[in-house]
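Contents: one structure, followed by commentary.
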Amino acid sequence: MRTLIRMAVFFFIFIAVSVLAGYATFTLLTSSKSIEVPDLKSKNLIEANDMLSGMKLYLRVEGEDYDAAVPAGHIVKQNIPPGNKIKEGRTISVLMSKGPRYQFMGDLRGITLEAAQETVAQSKVKISRIIEVHSDTIGQGLVISQRPGPEEKSGNGITLIVSKGTVSTTYYCPDFVGKDLAQAEKLAASMGLRTEAIGTEGRVASQSPVPRAIVRQGDLVRLIMLDTEEQHEEQ
């Protein structure tokens with residue numbers, strides 16, 4: 001009988017202790033303060049740790065990764081986004097920046113823009129800017145220069161200077177009629193025009209485009225040559 005009574009007393013004591021422990025745990029959890037997670041991006045470890053310590057939060061570094069926008073030794077990412085509400089005592093994990101990924105790009109000068117884009121893409125570097133300028137010596141669509149240069153370290157961005165070719169100047173087509181072939185070719189060359197002569201003897205009898213038509217540098221002018229004697233016979 002005494003044994004049964006003793007067991008019953010122990011049982012009630014166990015239940016009472018369990019209830020009290022559960023109540024204490026519940027009270028502790030529900031009474032802890034909710035905190036708004038701060039933005040740790042671009043902060044160094046000392047700054048981030050000071051911020052979290054004042055909020056009764058903890059900091060843990062998960063790893064590192066390259067990032068061109070965030071300096072090395074500063075936080076790139078955090079596992080709990082800024083503005084979220086969490087309880088005191090939580091740990092926030094962060095990823096640290098290793099800075100930009102540097103490498104030598106190689107010489108892109110003299111190749112087409114498309115070929116340069118393929119080379120850059122294989123190096124996992126982005127073309128941050130393309131600047132097009134006119135050039136009298138570099139063909140249209142070819143890379144004139146690059147920044148950083150071929151022997152300089154390049155990070156996540158590179159600028160390419162690309163040729164737009166020569167400036168397209170317009171003229172009134174001169175009158176070649178009556179000139180011999182040498183005279184006509186010299187005049188056309190001085191204006192950046194190409195010539196195609198039909199016949200080589202005599203003088204220019206007609207032309208295409210006609211005189212005073214609008215032409216551009218590089219345009220072709222066809223010259224119809226006619227021997228002086230043939231001109232007299234036709235007349």
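What to note about this one:
- Residues in the range 201-226 that are touching a helix residue (DSSP H, G or I) at 6+ places or on another chain (Cβ under 9 Å) and assigned to a loop (DSSP other than H, G, I, E, B) were compared, and the one that is modelled with the highest pLDDT is Gly202.
- Of note, Lys56 satisfies the criterion of being under 20 Å from Leu45 (Cβ atoms), modelled with pLDDT of 85 or more and charged (D, E, K, R).
- Sole exception among (1) within 19 Å of Leu113 (Cα to Cα); (2) touching a strand residue (DSSP E or B) at 6+ places or on another chain (Cβ under 9 Å); (3) at pLDDT below 85; (4) of a type in the set (Gly, Ala, Ser) for Ser168, by number: (1)
- Applying the criterion of being of a type in the set (A, V, I, L, M) and under 27 Å from Lys126 (Cβ atoms) to the residues of the range 63-87, the residue that is modelled with the lowest pLDDT is Ala68.
- Residue check: Ile161 meets all listed conditions (1) touching a helix residue (DSSP H, G or I) at 6+ places or on another chain (Cβ under 6 Å); (2) part of a strand (DSSP E or B) but one, namely (1).
- The condition (being under 14 Å from the mean Cα position of the chain (by Cα) and not in a loop (DSSP other than H, G, I, E, B)) is satisfied by just one residue among Glu132, Glu118: Glu118.
Yes or no, residue by residue, for (1) within 13 Å of the chain's Cα centre (by Cα); (2) more than 30 Å from Met51 (Cα to Cα); (3) at pLDDT below 90:
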| residue | (1), (2), (3) |
| --- | --- |
| Gly89 | no, no, yes |
| Gly99 | no, no, yes |
| Ser123 | yes, yes, yes |
| Ser128 | yes, yes, yes |
| Glu151 | no, yes, yes |
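- Qualifying residue in the range 98-110 (condition: of a type in the set (S, T, N, Q) and more than 13 Å from Pro150 (Cα to Cα)): no
- Where Met191 falls short, out of the listed (1) within 19 Å of Ala213 (Cβ to Cβ); (2) among the hydrophobic types (A, V, I, L, M, F, W, C); (3) touching a residue at least 40 places away in the same chain (Cβ under 8 Å): (3)
A quick yes/no check of all residues on (1) in a loop (DSSP other than H, G, I, E, B); (2) outside the structural domain of Leu142 (by TED's automatic domain parsing); (3) hydroxyl-bearing (Ser, Thr, Tyr); (4) surrounded by 12 or more Cβ atoms within 10 Å (Cβ to Cβ):
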site: Met55; (1), (2), (3), (4): yes, yes, no, yes
site: Leu59; (1), (2), (3), (4): no, yes, no, yes
site: Asp67; (1), (2), (3), (4): yes, yes, no, yes
site: Pro71; (1), (2), (3), (4): yes, yes, no, yes
site: Ile75; (1), (2), (3), (4): no, yes, no, yes
site: Ile80; (1), (2), (3), (4): yes, yes, no, yes
site: Gly83; (1), (2), (3), (4): yes, yes, no, no
site: Ser93; (1), (2), (3), (4): no, yes, yes, yes
site: Gly110; (1), (2), (3), (4): yes, no, no, yes
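The values are calculated or read from the model by the stated rules, or taken from the named source; none is laboratory data. These numbers were taken from a predicted model, which means no experiment stands behind them. We place every Cβ from the backbone using ideal geometry, glycine too, and count neighbours over all the protein chains shown.
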